[in-house]
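Let me begin by presenting the structure, written as structure tokens, before commenting on it.
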Amino acid sequence: MEIILLNDNEITESTLLGGNIDVDRYKFCIIDAQISKLEECLGETLYEKIKTDFENDDLAGNYLTLHTKYIKPFLIHQSALEYLKIGAYHVSNGGIYKHTPSNGTAIDKNEVDFLVENQRTKAEMYLQRMEKWLAVNTIPEYYSYVSGTVTPARKSSIGNWYFDGMDYTNKRNKSDNDNETDFGYW
């Protein structure tokens, strides 16, 4: 069972999703956002550390800051966008059907797309903030590499410009003196 890094009510308190939505209807959206987006950003090693510390109520220091200020807001909006794309649909033994409200009017696809794009913009903003924060803070698991694991999909920066997909990360190179770190240039 995947550990969910949010409390049940955090999505409904922070987005337009109503509090009367059954948690089981969007729990898999949180899990999907964690595995498909968050783990790709953090890398498997850091992702697993955050999950373990969260489950044990042991988040502290930079890990607590990362979770509170960056992971939670990102997951809230990424999960909401995932739910908005499929929330009107139900799959059961009777087939696939679309729920229609009894005391309201169903909105058209363009309006749903607007809501999805709104949540996507917010999720991407928090993801970019998280990536910038990770680039300037020392989190050993973010820079560690374990063979066969998901490594962080880092965005590189030059000044205030960020280039997706380029590998300009500031890799630490050991000099001849083991006590010295040479940061070198790309």
TODO: Identify, from the list Gly94, Gly148, the residue that is over 19 Å from Glu48 (Cα atoms), out of contact with any strand residue (DSSP E or B) (no Cβ under 9 Å at 6 or more places or on another chain) and surrounded by fewer than 19 Cβ atoms within 10 Å (Cβ to Cβ).
DONE: Gly94
TODO: Output the helices (runs of 4 or more DSSP H) that fall wholly within region 63-148 and possess 1 or more residues being of a type in the set (S, T, N, Q) and farther than 23 Å from Glu44 by Cα, or say none.
DONE: 109-136
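When the residues of region 1-29 are filtered to those that are β-branched (Val, Ile, Thr) and part of a helix (DSSP H, G or I), which remaining residue is nearest to the chain's Cα centre (by Cα)? Talk me through it step by step, then tell me what you get.
Applying the first criterion (β-branched (Val, Ile, Thr)) to region 1-29 yields 3-4, 11-12, 15, 21, 23.
Checking which are part of a helix (DSSP H, G or I) leaves us with 11-12, 23.
Numbers: Ile11: 13, Thr12: 17, Val23: 19 Å.
Going through the qualifying residues, I end up with Ile11.
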Open item on the list: From the list Asp32, Asp57, exactly one residue is outside any helix (DSSP H, G or I), within 30 Å of Val136 (Cβ to Cβ) and out of contact with any strand residue (DSSP E or B) (no Cβ under 9 Å at 6 or more places or on another chain). Which is it?
Closed with: Asp57
Open item on the list: Regarding region 68-76, can at least one residue be identified that is surrounded by fewer than 17 Cβ atoms within 10 Å (Cβ to Cβ), over 16 Å from the mean Cα position of the chain (by Cα) and of a type in the set (S, T, N, Q)?
Closed with: no
Open item on the list: Residue under question is Thr65, and the condition is that it be surrounded by fewer than 22 Cβ atoms within 10 Å (Cβ to Cβ) and more than 30 Å from Ser147 (Cα to Cα); does it hold?
Closed with: no
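Take the conditions more than 19 Å from the chain's Cα centre (by Cα), of a type in the set (A, V, I, L, M) and surrounded by 13 or more Cβ atoms within 10 Å (Cβ to Cβ) and apply them to Ala33. Does it pass?
No: the conditions fail for Ala33.
Just so you know, all these numbers are worked out from the coordinates, no wet-lab data involved. Keep in mind that this is a model prediction, so the values were computed, not measured. Here the Cβ is made from the backbone with ideal geometry for all residues, glycine too, and neighbour counts use every protein chain on show.
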